[in-house]
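In what follows, a single structure is set out as structure tokens and then discussed.
The values are calculated or read from the model by the stated rules, or taken from the named source; none is laboratory data. Everything numeric here is computed off the predicted structure, so don't read it as measured data. Here the Cβ positions follow ideal geometry from the backbone for every residue, glycine too, while neighbour counts run over all protein chains shown. Protein only, heavy atoms only, side chains kept; ligands, DNA and RNA dropped before computing areas. Shrake-Rupley method; radii C 1.70, N 1.55, O 1.52, S 1.80 Å.
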Protein chains: 2
Amino acid sequence: MMKSIVSSKYLACLVGSIILNLLFIINIYVGGQWKLSWSSRAAIEAETVAAIYCSGHGRAYLDGLVVVGNKPVCDCNTCFTGPDCSQFIPHCTANADGGDPLFLEPFWMQHLASSALVVAGWHQMSYTYSGKSFFSEELAKVVRKVHASVGNAVTQNRFIIFGAGSTQVLSAAVFALSPENTSSPAKVVTSVPYYPVDKQQTQYFSSQKFKYEGDAYRWKNRSDCSITNMIEIVTSPNNPDGQLKKAIFHGPNVKTIYDHAYYWPHFTPIPAPSDEDVMVFTLSKLTGHAGTRLGWAVIKDETVFNRMMIHMQMNSMGVSKDAQLRAFKLLNVVLEEGTGIFDFAYQTLKSRWERLVQTVSLSNRFSLQENNPQYCTFYNKVRQLSPAYAWLKCEREEDKDCYAVLEAANIIGRQGNLFGVEDGYVRLSLVRTQDDFDILIERLHKLITEEDGDKTM
Amino acid sequence: MMKSIVSSKYLACLVGSIILNLLFIINIYVGGQWKLSWSSRAAIEAETVAAIYCSGHGRAYLDGLVVVGNKPVCDCNTCFTGPDCSQFIPHCTANADGGDPLFLEPFWMQHLASSALVVAGWHQMSYTYSGKSFFSEELAKVVRKVHASVGNAVTQNRFIIFGAGSTQVLSAAVFALSPENTSSPAKVVTSVPYYPVDKQQTQYFSSQKFKYEGDAYRWKNRSDCSITNMIEIVTSPNNPDGQLKKAIFHGPNVKTIYDHAYYWPHFTPIPAPSDEDVMVFTLSKLTGHAGTRLGWAVIKDETVFNRMMIHMQMNSMGVSKDAQLRAFKLLNVVLEEGTGIFDFAYQTLKSRWERLVQTVSLSNRFSLQENNPQYCTFYNKVRQLSPAYAWLKCEREEDKDCYAVLEAANIIGRQGNLFGVEDGYVRLSLVRTQDDFDILIERLHKLITEEDGDKTM
């Protein structure tokens, strides 16, 4: 009897132990981790750094600053400091300046497993893909799929070229559309308010081929324009004001570049797929990866495409394959997730815009850009802009320098005159981190309510 | 008795099972893999693709071409084909054209674990590092360490800037060194034989600021040069011939850019650390990662540095952070391995050069560049060049078009006239895959021995 109890205890232990063994075996062999060899060290390293706690107000990077010892430190959001970014800096300045698209960071933090990337040391060392092109065919395929799934651009029978962000792609397009042998340079124009980089970049690279000629409206109806080569850059949705813009110039001597960086359903209704001659897009405003520097153009004409290829060769011998690989990975996640990233981004920006409207509407001192509803084929409904930037106007006569008004209230925006208009306007970025946006709203609210306080005095 | 046997069998099984459990626990918890969570899927994916068998004549890439189904196919070396690159293509053309530095690929295949890289989806999304610069301070630190360990450049109290390969960095330097307000553009010169890209790029971007003016020797001793702004690009070691070159022009109106892409101990003796005003380097010819597009300049003057920063902003809003991260990882391996990568690369190129010399010496029809021994401070010995390129001369009167002579023998080199000299010269690349080099030697050997056959007829 005693022995039989012992035996059955043994048996129970044995069965338990065997089950545990089976679980381990299943875990190891079915879990897939059994396969890992050369990538383990790097994976542990990356996960260790990613696990560094930064209080939700920062994050540590694999190549982040190393202050003491060997471990990267937290990279804190504006207005936060301390080893774990937990200390709020009182009275700090709200940064609403640049278009750093960190509003999308939480999406990627929620999609860790699918968006991670492992790169072998010997990965893609060559200048080219299979000895052919500087540009990945597989990436171009994914880009076409993304456009098809969103319905924002026609890519069938179109050429696709990549560059270091839309910045390099826009420049390549200007060079490529300029006449080769001409006595007078092509006039490059943009209509106010325009994206400042178009002006600065065109002026910087100006040559006998092209010259920046300012606001497009200034040239409208001038007779000499019908004989001159014109290149119009149309930023649509526009930066700063988010409006869907159309070209001002048309005709045989006119070339048009559509900068569609913001033509994605998180920023704007998509009335129809764009089908322009040269359309420029960027990963930065689609997935939020500005630092990757990966933009592309969708091009109708083969000659223009070939000339842009030459530009990319002359300028930088193609574009980083590491950037192309990263884009390939991220865009595949975009496709896998269906409407996921657009829903996330749209909801975020819509809620930011609504909070901003609510805050600004407390006063008559400021106004925002128009926001007329339009039908969006992506969401199959009428909707408003959920723009990347607020185009804020100071309405009072005495607030001529709107930038200074905000600066005095501890808010840094971008001055209206950079966009070719008077300083009654300021651009406020709505695409930065949630911290940046929250502090912006707080500062704006304070500015507006204190103003009410002044009034009642 | 029977029961006791059963019991002891149970006991043995139990003990065995418990030991197995312990082994699993040790394996999982001490092996370190227990930590892996979000990176596993990507790691398995990368290792699976890397394990695709390509017969040693190719490799499969994560973003490689997908022909059927979902799995990337082998990317085969020149002259090899088939699903696993096992089929040799008879009579195929030897490719000795471009400078694709695949000779370093085996080094990275031998250092899999240390050179692997894992990137989180949310890694470095911002344009800048910590809101400050487009360029990674941590990468700059590693670059300084590499130069210090090799002794090829002085970097203390120098500025470092990154760009998309030396191509973009060289262009940034030309723009930055051109006078701002001038009636006559700076003359950009290079001495023959020169690196063709310098000419092509300068001509492509030429403006009122600078103009390409051809061979430097042509301008030497001309009186008007003392009053004109000159920019001389000195490629040293030179591309095509590997010689350590010095500037031809000196004086208050002369700016010099040293292209030191090949100033590493695998290509050349290092007589002393270079200490020039503007020195340009590239990952491509150091680690072999041409596709990453990551070059840098070491700069003495702050104004020049600031102007190059503006160029990088205007041109591409900085440089891909993915490229910077990859470079950071790879250069850290370079440092970890001491002289490892240089030894590997030097031995490979030395042996290639010796095989080439042996082959060419079988005939008087061809000759190679001079290769005078010099003291190398890195190896503490007198040694010869182990150059990246052979600068082959066709010695016979009737072989004026040396490129055509080689082409007829199924060898593609790069025509001498691209380098500013007559077509009696051809550049042959010695830095490509081992397959490319082997086939080059085979074709050359055949050409030379058949020629002997002709002679004996």
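In table form, for the structure just shown:
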item	result
Overall form of the stretch B:68-185 per C-alpha gyration tensor (a/c, 1.5; a/b vs b/c)	prolate
Between the stretch A:74-89 and the stretch A:92-150, the alpha-carbon center distance in angstrom	27 Å
Gyration tensor verdict on the stretch B:169-246 (Cα atoms; rounded if a/c is under 1.5, prolate if a/b is larger than b/c, oblate otherwise)	oblate
Rounded if a/c under 1.5, otherwise prolate or oblate - the protein assembly as shown, Cα gyration tensor axes	oblate
Projected-area average for the stretch A:272-343 over all orientations - Cα convex hull basis, square nanometres	5.7 nm²
Portion, in percent, of the accessible area of the protein assembly as shown that falls on carbon or sulfur, probe 1.4 Å	54 percent
Reciprocal of mean inverse Cα separation for the stretch B:229-377 (Kirkwood radius, Å)	17.6 Å
25 °C / 0.890 mPa s Stokes-Einstein diffusion coefficient of chain B, Kirkwood radius on C-alpha pairs, µm²/s	98 µm²/s
Quotient of Cα Rg and 2.2 N^0.38 Å for the stretch B:126-226, N being how many residues it contains	1.35
Degrees separating the helix A:165-177 axis from the principal Cα axis of chain A, which is the longest one	40 degrees
In Å², nearest 10: area of B:Tyr403 left accessible to a 1.4 Å probe	40 Å²
Relative frequency of Cα-Cα separations exceeding 15 Å in the stretch A:48-92, percent	37 percent
Estimated vicinal HN-Hα couplings, Hz - the stretch A:394-407 in sequence order (Karplus 6.51, -1.76, 1.60; Gly, Pro = x)	8, 8, 7, 4, 6, 9, 4, 9, 5, 4, 5, 4, 5, 4
Efficiency of FRET from Cβ geometry, B:Asp438 and A:Lys350, R₀ 56 Å, rounded to 0.05	0.35
Occluded residues from the stretch B:145-181, i.e. those whose accessible area drops by 10 Å² or more once the chain is not alone (1.4 Å probe)	B:Ala164, B:Thr167, B:Gln168, B:Phe175
Relative contact order (percent, whole number), chain B, Cα cutoff 8 Å, 6+ residue spacing	18 percent
Calculated P(r) of the stretch B:163-207 - Cα pairs past 14 Å, %	52 percent
For the stretch B:324-384 and the stretch A:225-264, distance of Cα centres in Å	52 Å
In sequence order, calculated HN-Hα J values of the stretch A:111-125 (Karplus, 6.51, -1.76, 1.60; Hz; x Gly/Pro)	10, 4, 5, 6, 9, 5, 9, 10, 10, 6, x, 9, 5, 6, 6
Nearest-0.05 FRET efficiency for B:Gln374 and A:Ser363, computed from C-beta distance (R0 56 Å)	0.15
Approximate shape of the stretch B:251-312 as ellipsoid semi-axes (Cα gyration tensor, √5λ), whole Å, largest first	23, 17, 8
Quarter of Cα convex hull surface for the stretch A:226-279, i.e. mean projection, nm²	3.9 nm²
Mean separation of Cα contacts under 8 Å, 6 or more apart, over the residue count of the stretch A:137-336: relative contact order %	29 percent
Potential lengthening between A:Lys141 and A:Arg218 on full extension [0.36 nm per residue; Cα-Cα distance subtracted]	23.7 nm
Beta bridges by DSSP in chain B, antiparallel share as percent, to the nearest 5	60 percent
Shape box of the stretch B:137-336 [Cα atoms, principal axes, largest first, Å]	52, 36, 29
Accessible area per residue in Å² at 1.4 Å probe, computed on chain A	40 Å²
For B:Phe80, distant residues with modelled amide H under 5 Å away	B:Ile89
Residues in the stretch B:298-324 occluded by at least 20 Å² - accessible area, probe radius 1.4 Å, against chain by itself	B:His311, B:Met314, B:Asn315, B:Ser316, B:Met317, B:Ser320, B:Asp322
Debye intensity ratio in log₁₀ form over the Cα atoms of the stretch A:359-418, taken at each q of 0.15, 0.22, 0.27, 0.28 Å⁻¹	-0.57, -0.93, -1.22, -1.28
Chain A: calculated mean residue ellipticity at 222 nm from DSSP helix runs of at least 4, using -39500 (n - 2.57)	-12000 deg cm²/dmol
Dipole magnitude (debye, nearest 20) for chain A, charges at Cβ of Lys, Arg, Asp, Glu	1440 debye
Folded to 0 to 90 degrees: helix A:340-360 orientation relative to chain A principal axis, Cα	60 degrees
The stretch A:161-232 - percent relative contact order, Cα under 8 Å, separation 6 or more	37 percent
With Cα atoms, 0 to 90° folded angle of helix B:40-50 axis to chain B main axis	60 degrees
√(5λ) per eigenvalue of the Cα gyration tensor, the stretch A:341-457, largest first, Å	26, 16, 14
